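Here's a structure for you.
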Amino acid sequence: MRRRSFLTLLLLAGMSAMLCAQTAAPSADDSDIRIIDRAHAQDWSSDIVTGWRAHEGDDPAWARSGFDDSAWETVRIDDLGGTKAGWTVGPSQAGWRWFRLHLKLHENHPDLALLIDGGEGAYALYVNGIEVPGPHLGSSFSVKRPTERAVPLDVPGTDLEIALRTFTPPSYRVWHLPLFMTVSLGTPDAIENERQGLESFRIYSAMPSISINLLLILAGIAAFALYRSQRKHREYLWLGMYLFLQGASYLAWGCQQAGLFPLSANFLFSDPLLYLIAIAQIEFTFSFGGRRVGRAWRVYQVLLLAPLPLIWLSWRGQFSSDAYIVIEALILVPVAVLLPVLLLIWYRRGNREAGWLILPSLLPAATVSTYDLGTLSIFFGWQRLDFLDNTIPFGPISVQPADIGDFLFLLAIAIVMFLRFTRISREQARSAAEFEAAREIQQRLVPPSLPEIPGFYVEAAYLPAQEVGGDFYQVLEQRDGYALIVVGDVSGKGLKAAMTGALAIGALRTLADENLSPGTLLSRLNRQMLAAQESGFITCLCVRVSFQGSVTMANAGHLSPYRGGEEIEVDSGLPLGLTAGAEYAETHLELAPGETLTLLSDGVVEAMNPQHQLLGFERVRAMSGQSAHDIAAAAQAFGQEDDITVLTLKRTVPA
């Protein structure tokens with residue numbers, strides 16, 4: 001479509017009136033015009049779109065001055081394809097084609113320049129048989145839409161022969177593009193003013209689209225930054241991918257529409273990205289809803305890559321562009337239709353945030369579908385729906401429907417993600433506060449120093465995991481000269497587990513003053529935990545030792561201890577806090593001088609290396625004779641998954 005600024009149109013109208021008074025109008029068969037002489041020359045320009053001779057094929061001899069082209073057909077050079085205001089013409093004919101125009105100038109004509117608004121890289125210019133530098137024939141990958149070019153002319157005589165050697169790539173026919181928008185002849189100043197007006201209008205029209213898509217790219221980068229700070233929330237990653245790819249795709253498409261990028265940017269970049277954008281939208285939707293992508297959707301994601309070869313074939317003209325657009329529209333339907341339906345289903349099942357995303361997910365698909373319908377209308381000649389392919393005016397600017405949809409989507413998704421980010425930030429702040437409170441309580445579950453037990457050397461090692469657990473141990477002196485050693489593990493994580501452990505230690509300290517045996521102590525502790533109505537349970541190993549080396553132990557679902565590199569068989573009762581009336585059998589043994597009793601938590605046995613292998617009971621048995629710190633360090637180096645607690649009790653000499 002020819003575009004001119006208002007000032008240029010006024011200038012052309014005045015110049016046309018002057019030319020009508022001073023030049024002879026050419027007939028259909030006579031392209032000679034009389035240019036005003038230098039004495040009366042002012043800034044003027046005039047269209048020279050009629051009277052051109054055209055011929056298919058390519059022959060260098062057709063550039064010669066004086067070549068007889070009278071047998072060629074006469075055409076309007078701007079009537080070779082595309083859509084004009086109010087009427088539609090066929091697409092440019094692909095392949096080689098020459099155009100020639102003969103002009104007769106005034107013998108005292110002023111300096112002249114030529115303005116060609118044509119496909120950049122699709123034509124070469126010859127004036128009086130000599131090729132003019134600048135316009136050139138490029139590869140199909142570098143050809144752009146029609147852009148304006150001013151060419152100064154050096155015509156010493158009165159004869160002016162203009163020849164255009166053109167090669168129209170298949171993409172011009174695929175997208176119904178004109179090869180030339182206009183050709184004008186005039187004084188250099190007038191031609192340059194007209195060129196600047198056309199260039200300004202072309203670039204100015206593209207600025208809204210470029211700005212909106214740059215916003216999408218920046219929003220995508222911001223989403224990546226959010227993901228970097230909150231790695232557990234993969235919806236930020238996929239939203240960033242979706243926004244970045246969407247912005248990049250439509251930015252390249254808009255720049256190609258404005259003649260800033262070659263046509264190949266659409267075929268080789270923008271169109272393939274549409275399918276990656278659809279994949280990113282699926283991943284974002286499922287991540288946002290807290291769901292796993294099902295097998296059917298995985299198969300669909302693979303199918304989304306199937307049309308990629310068709311883009312290349314369509315670009316080369318080996319596959320129908322009409323058929324490709326239909327395939328593209330059909331294969332993207334599930335993204336446009338089923339994802340909003342899924343969000344609605346999740347919303348009705350209680351996921352309130354899924355309801356926030358329904359409207360934003362519809363906007364891009366709706367605008368793209370509208371644009372595709374307008375494109376198909378042009379391709380199939382429906383005409384009534386052509387307006388869907390047009391830009392929408394907003395005051396002095398015009399915006400593509402797809403850009404409007406993207407802008408509205410960006411606003412909507414910004415609100416949605418702000419609300420979600422606010423909620424997540426509150427939850428993280430609450431979790432951080434709970435974590436600090438749990439850490440503080442957990443530090444009280446393990447004593448900072450151990451009391452001395454006559455006849456024994458006691459060593460303990462405690463290595464907390466990233467998440468607050470419930471491991472605890474205590475070494476308590478009893479009034480009858482015995483020592484009570486307890487190692488336990490509260491089920492669960494976080495503040496609740498730490499508080500349950502603190503409750504158990506408080507009860508344990510009270511019961512220790514009653515000089516109870518291990519079995520009786522565990523039974524009483526079990527009843528108190530049930531009375532406290534705390535959920536979860538506690539595994540616990542209770543050991544009572546005398547300075548003479550006698551050891552009595554009872555086990556409530558905890559790991560058995562080790563002596564001399566061997567596991568001690570201890571009857572294990574139910575963990576504490578599960579059922580009332582639980583009884584705990586006692587095991588008695590004598591610890592000889594030099595022997596070591598090793599107590600540990602399941603964080604040692606369950607240490608896991610990068611190959612997902614557990615440290616296991618055999619490795620633990622082999623290292624059980626080492627010091628507490630060495631065992632804990634070995635388990636941590638293997639791959640810590642949970643709190644690691646190790647306590648060793650070594651008999652020294654008789655007191």
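Can you report the number of residues in region 554-567 which are part of a loop (DSSP other than H, G, I, E, B) and either over 17 Å from G594 (Cα atoms) or within 53 Å of the chain's Cα centre (by Cα) (or both)?
Count: 5.
Residues V458, V486, V490: which one is crowded, with 24+ Cβ neighbours inside 10 Å and more than 49 Å from the chain's Cα centre (by Cα)?
V486 is the lone residue from the list that is crowded, with 24+ Cβ neighbours inside 10 Å and more than 49 Å from the chain's Cα centre (by Cα).
Residues to consider are R195, R228, R173; find the one that is touching a strand residue (DSSP E or B) at 6+ places or on another chain (Cβ under 6 Å), assigned to a helix (DSSP H, G or I) and at negative phi.
Only one candidate passes the filter, namely R195.
Suppose we filter region 591-615 for residues that are in a helix (DSSP H, G or I) and open to solvent by 20 Å² or more (accessible area, probe 1.4 Å); how many remain?
Going through region 591-615 one residue at a time, the tally reaches 1.
Could you look through region 621-638, keep only residues that are at pLDDT 90 or above and not in a helix (DSSP H, G or I), and pick out the one that is least open to solvent (accessible area, probe 1.4 Å)?
That would be S624.
Next up: Tell me the residue from A219, A206 that is closer than 17 Å to S361 by Cα and touching a residue at least 12 places away in the same chain (Cβ under 8 Å), please.
Of A219, A206, the one residue that is closer than 17 Å to S361 by Cα and touching a residue at least 12 places away in the same chain (Cβ under 8 Å) is A219.
Have a look at N193, N213 and point out the one that is of a type in the set (S, T, N, Q), crowded, with 23+ Cβ neighbours inside 10 Å and touching a residue at least 40 places away in the same chain (Cβ under 8 Å).
N213
Let me ask something else. State which residue pairs qualify: first residue of a type outside the set (K, R) and inside region 500-517, second residue part of a helix (DSSP H, G or I) in any location, beta carbons under 6 Å apart, and separation of 6 or more residues or different chains.
Final answer for the pair search is A502/I441; A507/L525; A507/Q528; L511/L521; L511/R524.
Another question, then. Restricted to region 442-455, and to residues that are at pLDDT below 80 and open to solvent by 40 Å² or more (accessible area, probe 1.4 Å), which residue is nearest to T648 (Cα to Cα)?
Across region 442-455, the extreme among qualifying residues is P448.
Name the single residue, out of those in region 248-265 being in a helix (DSSP H, G or I) and in contact (Cβ under 8 Å) with a residue 60 or more places away in the chain, that is surrounded by the most Cβ atoms within 10 Å (Cβ to Cβ).
Looking at residues that are in a helix (DSSP H, G or I) and in contact (Cβ under 8 Å) with a residue 60 or more places away in the chain, I get Y250.
Now for a different question. Can you name every residue in region 404-418 that is at pLDDT 80 or above and either open to solvent by 70 Å² or more (accessible area, probe 1.4 Å) or over 18 Å from the mean Cα position of the chain (by Cα) (or both)?
Hits for region 404-418 are L411, I415, F418.
Out of region 491-513, which residues are at pLDDT 85 or above, of a type outside the set (A, V, I, L, M, F, W, C) and either in contact with a Leu (Cβ under 8 Å, 6 or more places away or on another chain) or under 15 Å from A580 (Cβ atoms) (or both)?
The answer is R509, and nothing else.
Being out of contact with any Lys or Arg (no Cβ under 7 Å at 6 or more places or on another chain) and surrounded by 22 or more Cβ atoms within 10 Å (Cβ to Cβ) is the filter; apply it to region 462-474 and report the residue that is farthest from L649 (Cα to Cα).
Restricting to residues being out of contact with any Lys or Arg (no Cβ under 7 Å at 6 or more places or on another chain) and surrounded by 22 or more Cβ atoms within 10 Å (Cβ to Cβ), the top hit is G470.
Here's another thing I want to ask about it. Filter region 508-550 down to the residues that are more than 14 Å from E586 (Cα to Cα), open to solvent by less than 60 Å² (accessible area, probe 1.4 Å) and not in a helix (DSSP H, G or I) and list them by number.
Within region 508-550, N515, A532, G536, I538, T539, S546, G549 meet the criteria.
Still on this structure: If the requirement is being assigned to a loop (DSSP other than H, G, I, E, B) and open to solvent by 60 Å² or more (accessible area, probe 1.4 Å), which of these qualifies: E618, E641?
The unique qualifying residue is E641.
Now for a different question. What number of residues within region 101-153 satisfy the criterion of being within 25 Å of L263 (Cβ to Cβ), touching a residue at least 40 places away in the same chain (Cβ under 8 Å) and outside any strand (DSSP E or B)?
Of the residues in region 101-153, 8 are within 25 Å of L263 (Cβ to Cβ), touching a residue at least 40 places away in the same chain (Cβ under 8 Å) and outside any strand (DSSP E or B).
Can you tell me which of L599, L541, L521 is within 51 Å of the chain's Cα centre (by Cα) and at pLDDT 90 or above?
Going through L599, L541, L521 in turn, just one is within 51 Å of the chain's Cα centre (by Cα) and at pLDDT 90 or above: L599.
I've got another one for you. If you go through region 475-517, how many residues are among the polar types (S, T, N, Q) and under 18 Å from T645 (Cα atoms)?
2
Return the residues of region 544-570 that are more than 24 Å from E583 (Cβ to Cβ) and at pLDDT 90 or above; say none if nothing qualifies.
Selection gives Y562, R563, E566.
A further question follows. Among helices (runs of 4 or more DSSP H) lying entirely in region 299-364, which contain 1 or more residues that are more than 26 Å from A412 (Cα to Cα) and among the charged types (D, E, K, R)?
Helices (runs of 4 or more DSSP H) meeting the threshold: 321-331.
Can I ask one more? Checking I311 against (1) open to solvent by 30 Å² or more (accessible area, probe 1.4 Å); (2) closer than 27 Å to L137 by Cα; (3) at pLDDT below 90, which test does it fail?
Checking I311 against (1) open to solvent by 30 Å² or more (accessible area, probe 1.4 Å); (2) closer than 27 Å to L137 by Cα; (3) at pLDDT below 90, the one that fails is (1).
Checking A219 against (1) open to solvent by less than 10 Å² (accessible area, probe 1.4 Å); (2) within 25 Å of the chain's Cα centre (by Cα); (3) among the hydrophobic types (A, V, I, L, M, F, W, C), only one condition comes out false. Which one?
Going through the list (1) open to solvent by less than 10 Å² (accessible area, probe 1.4 Å); (2) within 25 Å of the chain's Cα centre (by Cα); (3) among the hydrophobic types (A, V, I, L, M, F, W, C), A219 breaks only (1).
Filtering region 543-555 down to residues that are hydrophobic (A, V, I, L, M, F, W, C) and touching a residue at least 40 places away in the same chain (Cβ under 8 Å), which residue is nearest to I631 (Cα to Cα)?
Looking at the filtered set, the residue picked out is V543.
Then there is this: Has region 95-103 got at least one residue that is open to solvent by 70 Å² or more (accessible area, probe 1.4 Å) and at pLDDT 90 or above?
Yes, because at least one residue in region 95-103 is open to solvent by 70 Å² or more (accessible area, probe 1.4 Å) and at pLDDT 90 or above.
All but one of (1) free of Cβ contacts under 8 Å to residues at least 60 places away in the same chain; (2) crowded, with 18+ Cβ neighbours inside 10 Å; (3) more than 50 Å from the chain's Cα centre (by Cα) hold for H588; which doesn't?
(2)
Can you say whether I327 is touching a residue at least 12 places away in the same chain (Cβ under 8 Å) and either closer than 15 Å to F284 by Cα or open to solvent by 30 Å² or more (accessible area, probe 1.4 Å) (or both), as far as the supplied structure shows?
Against the criterion (touching a residue at least 12 places away in the same chain (Cβ under 8 Å) and either closer than 15 Å to F284 by Cα or open to solvent by 30 Å² or more (accessible area, probe 1.4 Å) (or both)), I327 qualifies.
The values are calculated or read from the model by the stated rules, or taken from the named source; none is laboratory data. Because the structure is predicted, anything quoted here is derived from the model rather than measured. Here Cβ is always computed from backbone atoms with ideal geometry, including for glycine, and neighbour counts include all displayed protein chains. The area values use the complete protein model at the heavy-atom level, side chains included, leaving out ligands, DNA and RNA. Shrake-Rupley method; radii C 1.70, N 1.55, O 1.52, S 1.80 Å.
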